[in-house]
Structure formats: C-alpha cells, structure tokens
Amino acid sequence: VADSPLKQEILKLYSQYASLTKGKPAPLSILKDTNGKVYTFADFKGKVIVVDIWATWCCNCIKKMPQFMQLKDEFKENENIIFITVSIDRKSAHGKWLKAIEENNMTDMLNLISAPSENSHFETEYHVVGVPRYFIIDKKGQIVTTFAPGPGKEMKELILNTLKQ
C-alpha cells in the first residue's frame, strides 16, 4: 500500500494496540474498590479475570449490566474466575458511582474505579475510548482479549475455553 496519511494513522493505531494483543501481560493499572482499597490485576493471578468497563453516564452500560451479573452468577461456584466491573467515572463522580452500584444491585461483586496516578492510568493503558467494553485476562495474567464480546453466549464460550487452558 502506498504511503499516505491514512496508512500512517493505521500504523500508529496498530502500534498503540500491539501491547494489548493475546498473550501479552495485562497492564497493572491502579484501581480502587468502594472502600478505597487498591488493586491491580496482579492481585487476581491464578484466576481468569472477566472485566466489564463501564460508566454511570453510559445508558448501554447500565442496560447490559444485568447480563454481566447473570453470567457471573453462572460461574459463582468456580473459584478459578472473578468478574470485576471497572468504572471510568471521574473522581468528582465518586458518589454517583457508589449510588449506581447500589441502584443496579451490583453489591455482590468487586466493583473498581480507575485511580489514575503519575505512573498508571487505566484508560490510557487499555486504550479505552468507549464503553461498555469487556476483556478477559487468563490465569497467568496475560491478555486473552481486550475486545471481548458482550455478556452472552459468545462471552461464555470464550470464558469456558480460557478456563480449560
């Protein structure tokens, strides 16, 4: 393909997302739970991690949350998996985030919020430009996909395949 501004833009995007391809180590952004406890995905090594990235202002995120929670419930007996929500709401919306967790009956799962620091920023490291977005990390802390299908049959199959590995 001849060199062009479009080609350069595509190559730039490709290089940005290269660190998020299958088998790469998952970036360890700092996240906080509803009580302020700090986490990174390394805290869950040994488990398959299924992540729902959302925001309180995202109607589609709220609409799909019950399906995500239903899928979580299907795996509740499996100790090798954890379902996590990560909100990209800003610090100023912390109260709104806590309220949304209550209103949407999400209290029986681990709900985290991005906690940007000087060295870590979840949205930048995972190139989050839209929500909802789902991804899966394997037991070794490696990316399976950062663009998983939404909660449903396809996601369930992907989870089952990842658990078998």
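The values are calculated or read from the model by the stated rules, or taken from the named source; none is laboratory data. Not measured: the values here are computed from a predicted model. Cβ placement follows ideal geometry from the backbone for every residue including glycine, while neighbour counts extend to all protein chains displayed. The area values use the complete protein model at the heavy-atom level, side chains included, leaving out ligands, DNA and RNA. Shrake-Rupley method; radii C 1.70, N 1.55, O 1.52, S 1.80 Å.
A few points about this structure:
- All positions within the range 1-41 that are touching a helix residue (DSSP H, G or I) at 6+ places or on another chain (Cβ under 7 Å) and over 25 Å from Ile88 (Cβ atoms): Val1
- Qualifying residues in the range 127-159 (those that are in contact with a Ser or Thr (Cβ under 6 Å, 6 or more places away or on another chain) and over 20 Å from Ile62 (Cα atoms)) - the one surrounded by the most Cβ atoms within 10 Å (Cβ to Cβ): Val144
- Members of the range 59-98 that are among the basic types (Lys, Arg) and either more than 16 Å from the chain's Cα centre (by Cα) or surrounded by fewer than 17 Cβ atoms within 10 Å (Cβ to Cβ) (or both): Lys63, Lys76, Arg90, Lys91, Lys96
- Of residues in the range 105-126 being open to solvent by less than 20 Å² (accessible area, probe 1.4 Å) and hydroxyl-bearing (Ser, Thr, Tyr), the one farthest from Lys32 (Cα to Cα): Tyr126
- Unmet criterion (only one of (1) without any contact (Cβ under 8 Å) to a residue 60 or more places away in the chain; (2) closer than 23 Å to Pro25 by Cβ; (3) surrounded by fewer than 17 Cβ atoms within 10 Å (Cβ to Cβ)) for Leu163: (1)
- In the range 84-110, the residues that are on the phi > 0 side of the Ramachandran plot never reach a residue that is at pLDDT 95 or above with C-beta atoms less than 6 angstrom apart, at least six apart or across chains.
- Asp43, sole failed condition from (1) touching a residue at least 24 places away in the same chain (Cβ under 8 Å); (2) assigned to a helix (DSSP H, G or I): (1)
- Within the range 72-105, considering residues that are aliphatic (A, V, I, L, M) and at pLDDT below 95, the one farthest from Leu163 (Cα to Cα): Ala93
- Selection within the range 27-40 - open to solvent by less than 40 Å² (accessible area, probe 1.4 Å), part of a strand (DSSP E or B) and more than 16 Å from Thr124 (Cα to Cα): Tyr39
- Of the residues in the range 5-26, at least one is crowded, with 19+ Cβ neighbours inside 10 Å and outside any strand (DSSP E or B).
- Selected residue (only one of Ile143, Ile136, Ile49 is in contact (Cβ under 8 Å) with a residue 24 or more places away in the chain, over 20 Å from Ile30 (Cβ atoms) and not aromatic (Phe, Trp, Tyr)): Ile136
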